[in-house]
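Enquirer: Pasting a structure below so you can have a look.
The values are calculated or read from the model by the stated rules, or taken from the named source; none is laboratory data. Computed from a prediction, not measured in an experiment: that's the story for all the values here. As a convention, Cβ positions derive from the backbone with ideal geometry for all residues, glycine included, and neighbour counts pool all protein chains shown. What goes into the accessible areas is simple: the full protein's heavy atoms, side chains included, and nothing from ligands, DNA or RNA. Shrake-Rupley method; radii C 1.70, N 1.55, O 1.52, S 1.80 Å.
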Amino acid sequence: MALVNTKEMFQKAYDGGYAIGAFNINDMEIIQGIMGACADLKAPVILQVSSSARKYAHPAYLVKMVEAACKENPEIPVALHLDHGSSYELCKACIDDGFTSVMFDGSSKPYEENVEEARKVVEYAHKYNVTVEAELGQLAGVEDEVEVSDDNAQFTDPNEVQDFVTRTGVDSLAIAIGTSHGAYKFKPGQNPKLRLDILQEVANRLPGFPIVLHGASSVLPEYVQMVNQFGGKMPDAIGIPEEMLREAAKMAVCKINVDSDLRLAMTATVRKYFAENPSHFDPRQYLGVARDAIQSLVAHKINTVLGCEGKA
Ligand SMILES: [Zn+2]
């Protein structure tokens, strides 16, 4: 299957009470690990690229690798998505490169500016059958080049969503209900909580409209432990409990972003590999097990959080 936009994926996910996984990609092993799991479980998938991943790997490499992944797995619907596009120009560049979906993130801008710029992105994107995600409300944490402190983070105001979606014409909306970027989402002893009441309120205002959750890694304790056991130092890394995410996926949430969990699985596995095989120096050995770890992590997400097995 050629690349698709997110329209039909989200429609089916909304109606079926499940969500599509949006996994961040930087290199070949990550792409292959994600696609391996999705092919095994017949799951539709969104491969997403942040602006810093785009700089790291170069857009031409990423697009060609994703095209290869589609060719190798023709039965799986795949969307290639820009994560956190900070400007019209960046969104346009990705659309011109062949992305089938883009996020315009104007959430840190004044409301009217966010509306105006998102509307402009939509106008360009829809000409090329590309879907657009935008964001209202601000998540705390670090996302590549974007850092938002706890004090500046704010929940999405349900009173704004209808006006925003109508005026911009966006196809999906990322909201802030307590998730955050990075591996340190909660302090030890703090009760992790998602504001599903705000999600429900947003869903009431926008019936049938796909909602997106960013910063939704679970920071699986077994990987944190593995990192720390094999020479790493990530004390108190805590994520969003998976059962809360599954609850959100049954509601209006159609896209759940996962980045930190991929990084963590890969890093933990490579650390363990080096500790156990100090003489090895062939990158295929440690990147191979890292790719396997990505694959099993994505399979785990599909089963426990997303519920999209067999939906391809
Ligand atoms: Zn994000």
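Enquirer: For the range 245-297, with all protein chains present and a 1.4 Å probe, just round the carbon and sulfur fraction of the accessible area to a whole percent.
Expert: With neighbouring chains kept in place, the figure for the range 245-297 is 53 percent.
Enquirer: While we're here: Taking H as built 1.01 Å from N, whose amide H comes closer than 5 Å to the amide H of Ala140, not counting residues under 5 places away?
Expert: His181
Enquirer: Across the chain, where is the longest run that never hits GluC sites (Glu not before Pro) in a DSSP loop with at most 13 other C-beta atoms within 10 Å?
Expert: By the stated rule (loop sites, at most 13 other Cβ atoms within 10 Å), 146-312.
Enquirer: Based on Cβ point charges of +1 for Lys and Arg and -1 for Asp and Glu, what charge dipole magnitude is obtained for the range 88-135 about its Cα centre, in debye rounded to the nearest 20? The partial results should precede the final answer.
Expert: Values: 5 positive and 11 negative charges, 34 e Å.
Using Cβ point charges on Lys, Arg, Asp and Glu, the range 88-135 gives about 160 debye.
Enquirer: Then there is this: Which ³J(HN,Hα) values in Hz, rounded to whole numbers, follow from the phi angles of the range 268-281 under the Karplus curve 6.51 cos²θ - 1.76 cosθ + 1.60, where θ = phi - 60° and Gly and Pro get x?
Expert: Computed from phi, the couplings for the range 268-281 are 4, 5, 5, 4, 5, 4, 5, 5, 8, 9, x, 8, 6, 9 Hz.
Enquirer: Output ³J(HN,Hα) for the range 235-249: one whole-Hz value per residue in order, computed from phi by the Karplus curve 6.51 cos²θ - 1.76 cosθ + 1.60 with θ = phi - 60°, and x for Gly and Pro.
Expert: Result, ordered by residue: x, 6, 6, 9, x, 8, x, 5, 5, 5, 5, 5, 4, 4, 5 Hz.
Enquirer: Of the heavy-atom accessible surface of the range 19-152 (probe 1.4 angstrom), what whole percent is carbon and sulfur?
Expert: 50 percent
Enquirer: Could I ask something else about it? Hey, got a sec? Which chymotrypsin sites (Phe, Trp or Tyr not before Pro) in the range 196-292 land in a DSSP loop and have at most 13 other Cβ atoms within 10 Å?
Expert: On the way: sites: Tyr223, Phe230, Tyr273, Phe274, Phe281, Tyr286; in loops: Phe230, Phe281.
Counting only loop positions with at most 13 other Cβ atoms within 10 Å, the chymotrypsin sites (Phe, Trp or Tyr not before Pro) in the range 196-292 are Phe281.
Enquirer: Sticking with this structure for a sec: Would you please give the residues with an amide H less than 5 Å from that of Ile238, counting only those at least 5 places away or on a separate chain, with H modeled from the backbone geometry?
Expert: Those lying under 5 Å, H to H, from Ile238 are Tyr184, Lys185, Phe186.
Enquirer: Could you work out how far helix 7-16 tilts from the main Cα principal axis of the chain, as a 0 to 90 degree angle to the nearest 10?
Expert: Value to nearest ten degrees: 80.
Enquirer: With the cut-off at 21 Å, tell me which of the pairs Lys7/Lys250; Lys55/Lys109; Lys71/Lys250; Lys42/Lys71; Lys193/Lys233 have Cα atoms farther apart than that.
Expert: On the way: Lys7/Lys250 18 Å; Lys55/Lys109 24 Å; Lys71/Lys250 31 Å; Lys42/Lys71 15 Å; Lys193/Lys233 25 Å.
Table pairs above 21 Å Cα-Cα are Lys55/Lys109; Lys71/Lys250; Lys193/Lys233.
Enquirer: Express the accessible area of the chain per residue in Å², computed with a 1.4 Å probe while the remaining protein chains stay in the model.
Expert: 43 Å²
Enquirer: So what J values fall out for the range 214-229 if you push phi through Karplus, 6.51 cos²θ - 1.76 cosθ + 1.60 with θ = phi - 60°, rounded to Hz, Gly and Pro as x?
Expert: Karplus-based 3J(HN,Hα) across the range 214-229 equals 8, x, 10, 6, 9, 6, 4, x, 5, 6, 4, 4, 5, 4, 5, 5 Hz.
Enquirer: Hey, got the dipole for the chain? About the Cα centre, +1 on K and R Cβ, -1 on D and E Cβ, debye to the nearest 20?
Expert: My answer is approximately 580 debye.
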